[in-house]
Amino acid sequence: MALVASSLSVGVVAHGASATGRRATPTASAPMFAGFRRVNGAPAVLTRDVEANSMVSLQASVRATGRGGCGAVRMAAQARGTGKFIVGGNWKCNGNMASIKSLVADLNAGAVNCDVDIVCAPPMVYLPMVKNSIDSKFEVSAQNCWVSSGGAFTGEISAEMLVDAGIPWVILGHSERRSLNGESNEFVGQKVAYALGKGLSVMACIGESLEQREAGETMNVCYAQLKAIANEISDWSKVVIAYEPVWAIGTGKVATPEQAQDVHAGVRAWMRDNVSPEVASAVRIQYGGSVNAGNCEELAMQEDIDGFLVGGASLQGDAFITICNAAQAHYDVVKAMA
Ligand code: PEP
């Protein structure tokens with residue numbers, strides 16, 4: 001059920017200036033490059049035509065005419081994703097020994113029918129237990145880690161500890177940590193860099209509040225959050241971006257597929273213009289916000305939605321497996337477009 005009016009603008013603004021100093025130089029002619037998206041294990045080579053300047057010029061036209069917003073972003077963002085679908089389950093601060101054992105048993109019994117990366121993020125104290133009992137079709141993730149090496153940081157867990165414990169993933173920048181723990185964009189950027197430096201893979205969360213969306217600031221907010229990360233890192237190969245509109249998290253209000261696709265396309269265009277076309281094509285962008293077994297397929301059919309980050313529904317084994325299997329709908333669409 002999409003409760004936020006689709007007429008709300010995503011607030012497209014110019015972002016042509018380099019955010020990082022690492023921007024790929026746009027060429028006069030459109031550079032060609034190939035990416036791949038694995039479908040049921042078989043790599044499918046997709047050749048994409050990336051016009052490095054199209055987004056900037058199109059945005060200028062949007063500003064001049066006041067028209068062309070969301071759909072225009074989608075049309076301009078030709079740097080499509082090329083990665084394997086990835087679904088994260090953020091169990092947050094839920095469960096106990098008994099319920100988590102039961103959830104793991106349900107997940108282990110679930111039939112995952114397609115080639116999809118699945119990463120479950122239990123509460124920290126249960127991480128080793130889950131890691132040791134969950135089926136190999138799942139990886140595990142922490143929900144947070146500290147910004148530097150360990151020491152006098154009561155209550156924190158360092159990236160080094162996660163690596164030492166064999167935990168390959170961490171979620172960083174979740175809106176609940178940004179709002180409840182006061183994590184700034186810059187702090188999140190530093191945490192992402194530190195975690196990557198220690199060898200972790202990162203699901204890095206971005207997203208706007210309802211007030212920001214209604215003010216037309218959605219893309220500005222996302223770009224600022226991305227820029228703070230891009231300022232700190234140059235290698236994006238172990239980063240998944242999770243676009244999670246704050247108004248959709250845990251509220252039952254899911255973004256429409258079009259709303260989600262528009263922001264994902266804008267994020268990918270920003271990556272193309274400020275990092276590189278290759279990274280923009282390769283980076284996977286998850287949608288998060290009230291994804292469930294009923295709405296996942298339609299969302300997965302959007303070309304720039306490369307996966308999900310799931311909260312509430314990840315606590316129900318059968319629903320979560322259904323969400324993982326929505327990857328097939330995504331592959332079918334991508335295959336039809338190739
Ligand atoms: C989340 O917390 O990352 C999330 C998306 O939660 P939910 O699916 O419950 O909205």
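Bear in mind these aren't lab numbers, they're just calculated from the coordinates by the rules spelled out. All figures in this text were calculated on a predicted structure; none of them were measured in a lab. Cβ sites come from the backbone with ideal geometry, for glycine too, and all protein chains shown count toward neighbours.
In table form, for the structure just shown:
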item	result
Cα lying deepest toward the dipole's positive end in the stretch 278-338, options F320, V333, N295, charges on Cβ	F320
Dimensions in Å of the stretch 145-287 - Rg and Dmax from alpha carbons	15.1, 46
Partners for K198 among lysines (Cα-Cα distance below 22 Å; same-chain residues under 8 apart left out)	K131, K227, K238
Theoretical FRET efficiency, 1/(1+(r/R0)^6), r = Cβ-Cβ of S149 and N96, R0 25 Å, to 0.05	0.20
Tail weight of P(r) past 27 Å, computed on alpha-carbon pairs of the stretch 84-337, percent	31
Burial ordering of S175, S99, fewest other beta-carbon atoms within 10 Å first	S99, S175
Share of pairwise Cα separations in the stretch 95-169, more than 13 Å, in percent	67
A111 paired with N132, simple spin-label distance in nm, labels 7 Å along Cα-to-beta-carbon	3.2
Net charge contributed by nearby residues that have their C-beta within less than 9 Å of G150 (K/R +1, D/E -1)	-2
Hits among aspartates and glutamates - C-alpha to C-alpha of K137 under 12 Å, sequence gap 8 or more where chains match	D115, D117
